[in-house]
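Contents: one structure, followed by commentary.
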Ligand SMILES: NC(=O)c1ccc[n+]([C@@H]2O[C@H](COP(=O)([O-])OP(=O)(O)OC[C@H]3O[C@@H](n4cnc5c(N)ncnc54)[C@H](O)[C@@H]3O)[C@@H](O)[C@H]2O)c1
């Protein structure tokens, strides 16, 4: 099978590439390396089954031919991460919506019917205060123009672009509502919590917990996420559907900080700071983000293989290697 991955030099995309190369597929990655990096795919660059195009999805002149060559497309390219969203909301809006529209339009124009998975986000559940989310939960976005929600708005627009094309033209497009995903290669630079805590813990620096730390999240190992994305793409009944992907185990952010401190045998102290101190006035946080995965299981039989502690241990070991190789 020939696979096209937009955003394939990023965190999830590079693991997606690894997964398909290991299965003997051919993989074409397009990425502008804005948040992704060459080192994420360096080990693949010499493979005859792997091809990399450094290009911006918004203007890439090879997009149409790349799409027409693909049996399957994972659309992962996006501007991601709370810090980036607050810093550059204009880029978020253009990349995440115009990029998706350009891609799906090209799929339609191509006339074939590749399997397409579009990455959406649990952020679309917005301010809904439910303790866990299935795909029928209301999507609650606040008025008032807080830029923090611009990412969620773009992901919701992507979902409706996919619904519109899938239904009007009978295209084979599934929408993955991804919840927090963690693992090797994830950068903490743009506000991701687990790599940030790991970075701080192994250096015995204060671990910065935002708010009171009682907000909960659930974390899916990236290898589980990649398996789920493959299962979704392979499932004809998922076409035109939106499906949660994540992990149902929940943890408070304070407990996460303590777990990482313990696993890293760290002398770090927990340092609680307010959201406003961390992100400024544009930020709102949500209390819970736990997926209900009944739909994913019913469609694909998916089962998670990883537990959070093992993912954290691996991330700590990799961070220690980085420190040792720099000294
Ligand atoms: N990681 C998570 O927890 C999570 C949760 C929900 C949804 N998602 C979604 O999953 C997808 C992948 O996220 P990720 O965590 O791997 O983030 P990432 O930032 O590592 O990956 C995004 C990739 O897209 C590339 N990109 C950005 N703009 C581009 C453009 N105009 N043209 C070409 N490439 C471009 C970046 O360079 C990067 O490599 C995104 O669509 C994101 O919204 C991720």
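Packing, as the average of other Cβ atoms within 10 Å across residues, places the peptides 199-208, 162-171 in the order 199-208, 162-171, highest first. Out of every Cα-Cα pair that the range 201-277 contains, those further apart than 15 angstrom amount to 66 percent. Mean sequence separation of contacting Cα pairs (under 8 Å, at least six apart), scaled by the length of the range 207-327, corresponds to a relative contact order of 41 percent. May I ask for the percentage of alpha-carbon pairs in the range 238-281 that lie more than 13 Å from each other? Beyond 13 Å sits 72 percent of the P(r) for the range 238-281. Per residue, the average separation of C-alpha pairs within less than 8 Å and at least 6 apart gives the chain a relative contact order of 17 percent. Across all directions, the shadow cast by the convex hull of the chain built on its C-alpha atoms averages 16.0 square nanometres.
The C-alpha atoms of the chain define a longest principal axis, and helix 308-326 lies at about 80 degrees to it.
Helix 11-22 versus the longest principal axis of the chain: what is the Cα-based angle in degrees, 0 to 90, to the nearest 10? Tilt of helix 11-22: around 60 degrees. The ellipsoid that matches the Cα gyration tensor of the range 87-179 has semi-axes, each √(5λ) in whole angstrom, of 25, 17, 9, with the longest given first.
Each Cα pair of the range 127-183 feeds into the Kirkwood radius, which the Stokes-Einstein equation turns, at 25 °C and 0.890 mPa s, into a diffusion coefficient of 183 µm²/s.
Solvent-free Debye calculation, one equal scatterer per alpha-carbon of the range 143-220: log10 I(q)/I(0) at 0.11, 0.17, 0.20, 0.27 Å⁻¹ equals -0.48, -0.90, -1.04, -1.26. The label-point distance for residue 163 and residue 249, in a model that sets each label 7 Å from Cα toward Cβ, rounds to 3.4 nm.
Compared with the dominant Cα axis of the chain, that is its longest principal axis, helix 193-202 is turned about 40°. Per residue, the convex hull spanned by the Cα atoms of the range 136-276 measures out at 138 cubic angstrom. Simple spin-label estimate for residue 49 and residue 101 gives 3.7 nm between the two label positions (7 Å along the Cα-to-Cβ direction from each Cα). Maximal additional length on extending the residue 309-residue 326 stretch stands at 3.5 nm, based on 0.36 nm per residue less the C-alpha distance. When Rg and the Kirkwood Rh are both derived from Cα coordinates, the Rg/Rh ratio for the range 1-145 amounts to 1.00.
Values quoted throughout were computed directly from the atomic coordinates according to the rules given, and no laboratory measurement underlies them. Because the structure is predicted, anything quoted here is derived from the model rather than measured. Reconstructed Cβ throughout: ideal geometry from the backbone, glycine too, with neighbour counts over all protein chains shown.
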